[in-house]
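The values are calculated or read from the model by the stated rules, or taken from the named source; none is laboratory data. These numbers were taken from a predicted model, which means no experiment stands behind them. Cβ: placed from backbone, ideal geometry, glycine included. Neighbour counts: every protein chain shown. Only protein heavy atoms, including side chains, enter the accessible area calculation; ligands, DNA and RNA are left aside. Shrake-Rupley method; radii C 1.70, N 1.55, O 1.52, S 1.80 Å.
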Amino acid sequence: MPDAIEVRKVPLHTVSDASELGKLIDAGVMEAGRVIAVIGKTEGNGGVNDYTRIIADRAFREILVEKGADPAKVKEIPIVWSGGTDGVISPHATVFATVPAEQAPQTDEPRLTVGFAMSEQLAPEEIGYLPMVEKVAAAVKVAMERAGITDPADVHYVQTKTPLLTIHTIRDAKSRGQKVWTEHTHESMDLSNGCTALGIAVALGEIEMPTDADVMHNRDLYSSVASCSSGVELDQAQVVVVGNARGVGGRYRIGHSVMNDALDQDGIWAAIKDAGLDLPERPHRSDLGGRLVNVFLKCEASQDGTVQGRRNAMLDDSDVHWHRQIKSCVGGVTASVTGDPAVFVSVSAAHQGPEGGGPVAAIIDLGDEPTGYRA
């Protein structure tokens, strides 16, 4: 049985700042050697050359070593950064750490559990094709096992980081006589995310194994719990599975739902309710009472160029890429629900939730003294 989990959200005061994590460790909230995953937002451009992710990654690993964690083990911790805090989205990180059994609140009710795995190496010519789907699916199953989850219905959030295509990796594939799905590096971000989401959906039994032709084209195939990011930092799929399990103990619980479009606030509230928070029929952020730790969303500009039947110009805009626009929009909608601009909203949601919408996961604190944000 895996250990109980402590989870806290911390602000980033600068892109290279991990001081708030250091304060949690100094206060005894969590031990540096027990941190098992970090998922956060950085203030870069969110694109192929967003090196703020690397800067933040280094800062968080360095603080863990400084506070006493084993440097070799720190290198293996999955730290997933999503670049781009457009609009009101505030740079932050959600930190997951295990809790010694004797310190964890005991309960037979389902409580938060986390598992991590790395896939086999992904060659550039596999990105966008079935070998990537298969390797991701295999890694998800390993992460589930490590989280102590046997029923896919208990998985509520799968955060991944996968490689995208760069000029260098495209040339590498060609030098070996291989072809790549696209030679547009920015497009390969959407491609990597979408193909990874299909792997998650296969692993959890949400869909049957797709075909190569389905990737990025059959948007009826999707996962309701996938949150996929990609970057230049690695050549494997980094997989973090978050769900609930009985017997692990602890004070936190996770739930999920989907937004059906960019304005679907009800989808966010549904995820919070699914996590187990008792709310009125028409809730308000004042009803959260500090129990919401964080929400995690993916978003996508609808391919038909509309929201709620009204036309928009995001997909036609040559000045500001639609990635930036939809992220800002959904970030604002989400912050209006939570009352906290430090929300994890990530763009490029192909095969992640319904077309034009996206998955939502919510973690709540069921303890006597909730640790969530209060404005």
query: When the residues of segment 221-240 are filtered to those that are over 22 Å from T166 (Cβ atoms) and among the polar types (S, T, N, Q), which remaining residue is surrounded by the most Cβ atoms within 10 Å (Cβ to Cβ)?
result: S227
- prompt: For S318, all conditions in the list (1) open to solvent by 10 Å² or more (accessible area, probe 1.4 Å); (2) at negative phi; (3) modelled with pLDDT of 95 or more; (4) not charged (D, E, K, R) hold save one; what is the number of the exception?
  reply: (3)
task: Tell me, please, whether a residue that is within 27 Å of A271 (Cβ to Cβ) and among the basic types (K, R) can be found in segment 208-222.
output: yes
field: Flag for V258 being more than 30 Å from K75 (Cα to Cα), touching a Ser or Thr at 6+ places or on another chain (Cβ under 9 Å) and either open to solvent by 10 Å² or more (accessible area, probe 1.4 Å) or at pLDDT 95 or above (or both)
entry: yes
query: Would segment 9-31 turn up any residue that is of a type outside the set (A, V, I, L, M, F, W, C), in contact with a His (Cβ under 7 Å, 6 or more places away or on another chain), touching a residue at least 40 places away in the same chain (Cβ under 8 Å) and closer than 26 Å to Q106 by Cα?
result: yes
- request: Output the residue which, of all residues in segment 1-17 that are open to solvent by less than 10 Å² (accessible area, probe 1.4 Å) and touching a helix residue (DSSP H, G or I) at 6+ places or on another chain (Cβ under 9 Å), is farthest from W81 (Cα to Cα).
  value: A4
query: In the set D319, D368, which member is farther than 25 Å from G231 by Cβ and in a loop (DSSP other than H, G, I, E, B)?
result: D368
task: For segment 171-188, name all the residues that are among the aliphatic types (A, V, I, L, M) and open to solvent by 10 Å² or more (accessible area, probe 1.4 Å).
output: V180
